[in-house]
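Written below as structure tokens is the structure these notes are about.
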Amino acid sequence: MDVNKYPGAKFKSFDSSETAWMWLTNESGVRDTVPPSQDHAPITYDRTTPEPGVPRQELIELSDEQEHVVRQCEAGHSIFFTGSAGTGKSVTLKEVIRRLRRMYSSGSVFVTASTGIAAINVGGTTLHSYAGIGLGKEPAEVLIKNIRKGTKAKGRWWATRVLVIDEISMVDGNLFDKLEQISRAIRGNNEPFGGIQLVICGDFFQLPPVSKAPSAGQRDTTKFAFEAESWSRCVKQMITLRTVFRQRDNELIEMLDMMRMGQVDAIGLWYFRKLDREVEYDDGIEPTELFPLRAQVEGANNARLNALPGEELRFIAMDYAFHDMYGKSIKPEAASKLLDDTLAPRVLTLRVGAQVMLIKNIPETKLVNGSIGTIVSFETTEGAYYHGISAAGDDNSTRREASQLDDANTDDSGGDLERNPSSYTLPRWPMVKFITGEVRIMPPMPFEVVNAHGNSEAMRQQVPLILAWALSIHKSQGQTLERVKVDLNGIFEKGQAYVAVSRATSFAGLQVKNFSQDKVMAHPRVVAWAQSIEKKPQPVAEDEMEMTSDEEGYWNEARD
Ligand SMILES: Nc1ncnc2c1ncn2[C@@H]1O[C@H](COP(=O)(O)OP(=O)(O)OP(=O)(O)O)[C@@H](O)[C@H]1O
């Protein structure tokens, strides 16, 4: 890596993501992730060839009900699929995106989510940025006028054949109606949502749309997407995934179900009270404590880090800015802002003894996004190999590249100073011992932000870890955590307690402090809607008639 050309640089610009990947592959030696393909032709899906823009996941065999969702999407139906936490909604959605992009051109399948973090999780962009509506506060007529004036957002609306919306529970109902109106107006098509096929995913019992909390005596202004006037016209099918994969213990699954509905019975209460105990783990790795507020998380993590003796190492991310989907260069500051949603921090400060969470899946291992471990030392990759320890993402074929990474970073031109100020010649990376017992060295890995077409707009190279004594409930959404601690006294939002507690995989790894009925708040309008759906026969697509026993209704699990 000829970093002499870029003294102290944190950015390097490229014409396209392909040239950046070529540069990374040929010059920096980083080759632990295959560059996203820009090719729209069908690609065989395996661990080494990700679809454009779809985050790589371990090969998972879809269950029948998950496969059914995929087939309905392939058949062109507009659907909303839901299910309680851990039923594999994200896994299913990634497969839907992969298959639809293979069926149509990837340029006509747009992937969005309600928040930046959720969008990264499915390899998409925020719904607001797809729609080109800024904050979307103005009336629909004004937004339509603004979109008509430009070419970009208008072009996106025209090009869209399928619109994927993930984490729908956080999408405001008024916004949904505005988007529906915009779509019809811009596309000049009066069919529901302007004729776009909608694939909507989420669980309304999880986090609600962000709205100002009502003060005493004020009316709750939350409007859910299912309360949108256009919802029933646009969403023709609702499918509930019922098999929970995250937890195996049936009692825990039942308790979580009760919590989701905000109705914990006496037995559930007894079980929850039993969970109010300290859990000691032999390996010294503590449970991750989930907090509702970011400041609480930072306070808890920094206090624990500062209490550790020994040297502190700071790992500074390298950010790369590419082009947006119209070929316009993205400014470095804008790229860094986008990349902050990837969870990979701009600066990661660590010490030996720090508890960390992996924020990438490591193929061929049991290590996944959410795996918890402790820093046991800082080592060069060469040193780690000498002791028989592999690098993250490493198998035999990448060993050479990982050592090239060391060579690249030991260049005495100064590039290494940015990365690892404590070592001029031998950059060291965190060595982590995970709960699984596995020990891995963690050199930087790439984190990408893709646009709604699935092409890379920005990339961050950073050590794939964050501090994990504490985590915000918001960031924990979508995660699976083996050891969790939640104090329900801090909970203030409906759905928050359920999201937090449902991250756990087992009773043994779950501690719940201060459980009380009033903290397990399901939104009354979500409950009422769920119950009304339960009573209503569901619209069934023609090719679905024979499946009605399986897909009776949205809330058939509540009937059991
Ligand atoms: N068909 C399957 N076979 C085996 N494991 C699965 C399957 N589907 C999902 N899983 C696993 O179950 C866990 C939860 O999956 P996922 O995160 O997709 O659920 P989710 O419904 O999106 O959860 P949440 O609502 O909490 O975000 C993951 O560890 C995932 O790998």
Past 23 Å, Cα to Cα: identify those pairs from Lys152/Lys236; Lys475/Lys519; Lys89/Lys519; Lys178/Lys328; Lys145/Lys331; Lys274/Lys519, in the order given. Lys152/Lys236; Lys89/Lys519; Lys178/Lys328; Lys145/Lys331
Quick one: dipole size for region 79-168, taken about the Cα centre, charges +1 on Lys/Arg Cβ and -1 on Asp/Glu Cβ, in debye to the nearest 20. 420
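Just add up the charged neighbours of Pro430: K/R +1, D/E -1, any other residue whose Cβ is under 11 Å from the Cβ of Pro430.
With Lys, Arg at +1 and Asp, Glu at -1, the neighbours total +3.
With only alpha-carbon atoms in the gyration tensor, what are the semi-axes of the equivalent ellipsoid for region 89-157, in Å, largest first?
25, 15, 8
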Among Asn302, Met255, Val279, which residue has its Cα positioned farthest towards the positive end of the charge dipole of region 225-314, with +1 placed on the Cβ of Lys and Arg, -1 on the Cβ of Asp and Glu, and the dipole taken about the Cα centre? Met255
Modelled label-to-label distance, Glu229 and Leu135, 7 Å Cα→beta-carbon offset: nm? 2.4
Leu338 neighbourhood, Cβ < 11 Å, K/R = +1, D/E = -1, net charge -4
Would you give the gap between the C-alpha center of region 320-378 and the C-alpha center of region 132-153, rounded to a whole Å? 33
Hey, with R₀ at 56 Å, roughly what FRET efficiency would Tyr386 and Glu67 work out to, going by the Cβ-Cβ distance, to 0.05? 0.75
Please report, in whole Å, how far the alpha carbons of region 293-397 spread along each principal axis, starting with the longest. 47, 41, 24
Could you list the residues of region 264-295 with an amide nitrogen less than 14 Å from a label point located 7 Å from the Cα of Gln517 in the Cα-to-C-beta direction? 264-270
Taking neighbour counts of Cβ atoms within 10 Å as a proxy for exposure, in what order, fewest first, do Phe205, Phe291 appear? Phe291, Phe205
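Convex hull over the alpha-carbon atoms of region 427-538: what's its volume per residue in Å³? Each step should come with its number before you reach the end.
Values: hull volume 22.0 nm³, N = 112.
It comes to 196 Å³ per residue, whole-number rounded.
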Which GluC sites (Glu not before Pro) does region 129-188 hold that lie in a coil by DSSP with at most 16 other beta carbons within 10 Å? none
Going by C-beta contacts inside 10 Å, put Trp231, Trp157 in order with the fewest on the left. Trp231, Trp157
Considering amide H positions built from the backbone, and no H for Pro or chain starts, which residues 5 or more places from Ile239, or on another chain, come under 5 Å of its amide H? Phe80, Phe81, Thr82
When a footprinting reagent is the concern and you count Cβ atoms within 10 Å, what order do Glu312, Glu493 take, fewest first? Glu312, Glu493
Semi-axes, largest first, in whole Å: what does sqrt of 5 times each Cα gyration tensor eigenvalue give for region 149-199? 18, 12, 12
Can you work out the FRET efficiency for the pair Glu191 and Leu59, with r the C-beta to C-beta distance and R0 = 35 Å, to the nearest 0.05? 0.40
Overall Cα dimensions of region 133-260 - principal axes, largest extent first, Å: 56, 40, 23
Overall dimensions of region 317-367 as given by Cα atoms, namely Rg and Dmax in Å: 14.9, 46
What dipole magnitude, in Debye to the nearest 20, does region 189-328 give about its Cα centre under +1 on Lys/Arg Cβ and -1 on Asp/Glu Cβ? 720
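In region 236-291, which chymotrypsin sites (Phe, Trp or Tyr not before Pro) fall in coil by DSSP and have 14 or fewer other Cβ atoms within 10 Å?
Those that pass, being in a loop and sparsely packed, are Tyr281.
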Sorting Thr365, Ile330, Val376 by the position of each Cα along the dipole of region 291-393 (Lys, Arg +1; Asp, Glu -1; all at Cβ), the one nearest the positive end of that ordering is Ile330
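Every read-out reported here was derived from the displayed coordinates using simple, explicitly stated rules and does not represent laboratory data. Note that this is a predicted model, so its numbers are computed, not measured. When we count neighbours, we look across all protein chains shown, and the Cβ atoms used for this are built from the backbone with ideal geometry, even at glycine.
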